[in-house]
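One structure below.
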Amino acid sequence: MPRKTPVKSSRKSLTQPKKTPKSSFLKRIFRILFKWGVIFSLVASIPFAGWVWWLNGQVVSRFEGQKWQVPSEVYSAPIILISGAPWKKQDLENLLEETGYRFGRNSQKVGWAARSRTKVSAHLRSYVDHLGFHESERRIFSFQDGRLVIQALNGDEIDEARIEPQRIGFLYGGNTESRQILTYDEIPKPLIAILIAVEDQEFYHHWGISLTGIARAVVVNFTHGSRRQGGSTLTQQLVKNMYLSSERTYTRKLTEVMMSLLLEYHYSKEAIITAYMNEVYLAQLGSSALHGFAAASQHFFGRPVNELNLDEFALLVGMVKGPSLYNPERSPNRAKARRNTVLAVLKDQGRLSDSDYKRLIEQPIRLASKQKERSVYGDYLDLVAMQLSRDFDEATLATKNLRIYTGVDIRAQRAASIAMRRQVAALEQRDPKLKGLQGAMVVTDRLSGQVRAVVGSSGQHYTGFNRALGAVRPIGSLVKPPLYLSALATGRYTWWTKIEDKRLRFNVGGQIWEPENYDRKTHGVVHLYEAMAKSYNLATVSLAQQIGFDRVGDTLRQLGVKRSFTMHPAMALGALELSPFEVSRLYQPIASQGKSSELGVVLAVMDQNDQLLKRFDRKNDVPFTDALLAVTLDGMTKTPKIGTARAAQAAFPNLNFAAKTGTTNEQKDSWYVGITGDYSSIVWLGDDDNVPLSITGSSGAQKVWIDFTKNVNPRSLPDGLPNGAARFNVLDNKFEMAADRCEDKVSLAFILGTEPKESSSCFWPF
């Protein structure tokens, strides 16, 4: 049998096909591609990881460091309401409204007030300043015979009540952002709930991004062929606002997503929502952008965010979608419609009942009346910046969110600004030649020397030139009270001392100087108090000659004049040139009767954590006794009674106050000093070009002071005198104490030891 050739199994051929050159080539290509793919992925992951690492650093450094550059906030002094002080019910109501209190049926809630026909109640806010924490308190205010009475709820009478300090501006004004920082505990929880309900319902459940939101946005954008909707969470919005630009590109979106994930990885939901509340952009105010709900609440409603109602929360949340579009100041109807849309969302989610919804959508939008900070307080802020520049650099003040507490009295500041503007306008209308009349005013606390108000121009708006500080002009007859103080200090003169008002001639540097009285007359022998009250120039120069012109110069320096000057006879009539602020400092020791010798502006500076950084304490170094200064001030009370300030006394017939008018040569300057129980005020009127005017101290500056004083509820100077001084009735024609029955007598203050030693009974023939 022929031998058979073996046949290979067909199974093997199916399961193990013979390799071909083509399959071997493809496998090699696959292996090469796989190898290089792995290598490429590994290489590509390095820059990606580096990018993520860099983003992580950006997120952490900004979020844990100083998130925002916030300018320093400047605050007023608290408004102290004192039982027994003169107050009108309407004035108190106006004050409460100006400081952001709302009137309703009761005052149970903080920031609310209520009124009846005879009383006002208010739940005053708590606050923190350099003196510590001040509790909120409910107080009842009544008015008895024009005097304020303060009571607790149980009826107990209270000595005083305090309205919290008000923010009056920022340092510095050129900052491009306006913002107030809130902590998480300070954010009203209803505001958080509304924001999440409208902007990001899944906020507490996602990791920074919402996949459902992104999917929804992709579908909408794909359908319309353009980018019409975003799927951003609150975290993404925060990242975009804090770290990124507003450009709409997929690269920026990818960056936003990564940074949102990193932000959520590192920080709690509470930290993120707090940052959002402080960062969100809500309005453009000129060159300044308004950020954060706290700043928006103060701007639009004039009160802290924790005092807003539900509809007001809804308005602010609604503005997030379009700050310009839904700005209630520019588009009130559109803003109201958007607010109602937010309220509808709350109703649909079961967060608001139908009845509450119907009630709230009918509520009008009540915005705060705007007081332009720079126009009212700009001149005072100049003074604040000047003082702080010695201790803080401009960058710190402009960015570090310091809290600067000052002594400005918002009532006095507004009253001074209005009085200056109103009276200058009236003078210009009466005499067209006065067109362009300017003015300045400085008001200090009579006792403490704290500057309460500064006005640097007569215009409505801040001009950039603060005449209270920069207008250096001859002070005229305002030099006379310090001059008479010099005479009293010798112990040889009293207010009863007589001096002759007669013509005089002086040779000054080869030039003959002959002073004159304003009325061009002489008045013979007069008492010192008459000479000063009636501003007799000749008698005053004669007195200065007797005691020595150098002594007068020394007194001026001891009272606080720091500007260098050379004493000569004309100085006795006010040739000395000072700014209104310097004049205020000159009079402060007299006004306070020695209790203060310097002017104070800034009280203290605190950081954003309420830690005290610096307290500004002032030295009190007055080289004159309290008795001497009190006697000098008492002599100035004769000016309204018998002298050049009688118009002021007529305006306040029951007010005991001190005053002095001043007019310079050719009536180029009009001056007035008015001192009440509360304030020492300096007023100047003049022309920037130093031209002659048709007004005197009485007919010009005095009018401004009268207007101001009518609006600050003035109190009289105290009747009492310090140890070492006393008031006596003295015969007008004989240096003897006068009995009550005497008719020809005058009440004068004396330094003890200089009063008359003899007395007269003024014998009656019957």
(Q) Condition (residue is surrounded by fewer than 16 Cβ atoms within 10 Å (Cβ to Cβ), of a type in the set (Gly, Ala, Ser) and outside the structural domain of GLN413 (by TED's automatic domain parsing)) applied to the range 694-708: is it met by at least one residue? (A) no
Q: Residues being farther than 26 Å from GLN438 by Cα and either crowded, with 24+ Cβ neighbours inside 10 Å or among the polar types (S, T, N, Q) (or both): count how many of those fall in the range 636-656.
A: 4
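Residue by residue, here is whether (1) crowded, with 16+ Cβ neighbours inside 10 Å; (2) not in a strand (DSSP E or B) holds:
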position	(1), (2)
LEU148	yes, no
ILE168	yes, no
SER178	yes, no
ILE192	yes, yes
TRP207	no, yes
Q) Taking interchain pairs and intrachain pairs at least six residues apart, which have beta carbon atoms under 8 angstrom, with the first residue in the range 190-201 and in contact (Cβ under 8 Å) with a residue 24 or more places away in the chain and the second among the small types (Gly, Ala, Ser) and surrounded by 20 or more Cβ atoms within 10 Å (Cβ to Cβ)? A) ILE194/ALA314; VAL198/GLY318; ASP200/SER210
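Could we say that GLU373 is acidic (Asp, Glu) and at pLDDT 90 or above here?
Numbers: acidic (Asp, Glu): yes; at pLDDT 90 or above: no.
For GLU373, the condition - acidic (Asp, Glu) and at pLDDT 90 or above - is not met.
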(Q) Looking at TYR493, TYR518, TYR536, can you tell me which residue is hydroxyl-bearing (Ser, Thr, Tyr) and surrounded by 23 or more Cβ atoms within 10 Å (Cβ to Cβ)? (A) TYR536
Q) Could you list, in sequence order, the residues of the range 466-490 that are assigned to a loop (DSSP other than H, G, I, E, B) and either surrounded by fewer than 16 Cβ atoms within 10 Å (Cβ to Cβ) or among the small types (Gly, Ala, Ser) (or both)? A) ALA471, VAL472, THR490
Q) Got at least one residue in the range 682-698 being in contact (Cβ under 8 Å) with a residue 12 or more places away in the chain and part of a helix (DSSP H, G or I)? A) yes
Q. Does LYS534 fit the bill of being more than 30 Å from VAL376 (Cβ to Cβ) and within 45 Å of the chain's Cα centre (by Cα)?
A. yes
Q) What number goes with the only condition from (1) touching a helix residue (DSSP H, G or I) at 6+ places or on another chain (Cβ under 8 Å); (2) over 17 Å from VAL305 (Cα atoms); (3) not polar (S, T, N, Q) that ARG167 does not pass? A) (2)
Q.
hydroxyl-bearing (Ser, Thr, Tyr), surrounded by 14 or more Cβ atoms within 10 Å (Cβ to Cβ), within 21 Å of ILE80 (Cα to Cα) and not assigned by TED's automatic domain parsing to the domain that holds MET277: which single residue out of SER126, SER142 fits that description?
A. SER142
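Does SER457 fit the bill of being under 20 Å from VAL384 (Cα atoms), among the hydroxyl-bearing types (Ser, Thr, Tyr), within 21 Å of the chain's Cα centre (by Cα) and outside any loop (DSSP other than H, G, I, E, B)? Show your work before the answer.
Values: under 20 Å from VAL384 (Cα atoms): yes; among the hydroxyl-bearing types (Ser, Thr, Tyr): yes; within 21 Å of the chain's Cα centre (by Cα): yes; outside any loop (DSSP other than H, G, I, E, B): no.
No; evaluated as a whole, the condition is false for this residue.
The values are calculated or read from the model by the stated rules, or taken from the named source; none is laboratory data. Keep in mind the model is a prediction, meaning the values are calculated, not measured. Cβ sites come from the backbone with ideal geometry, for glycine too, and all protein chains shown count toward neighbours.
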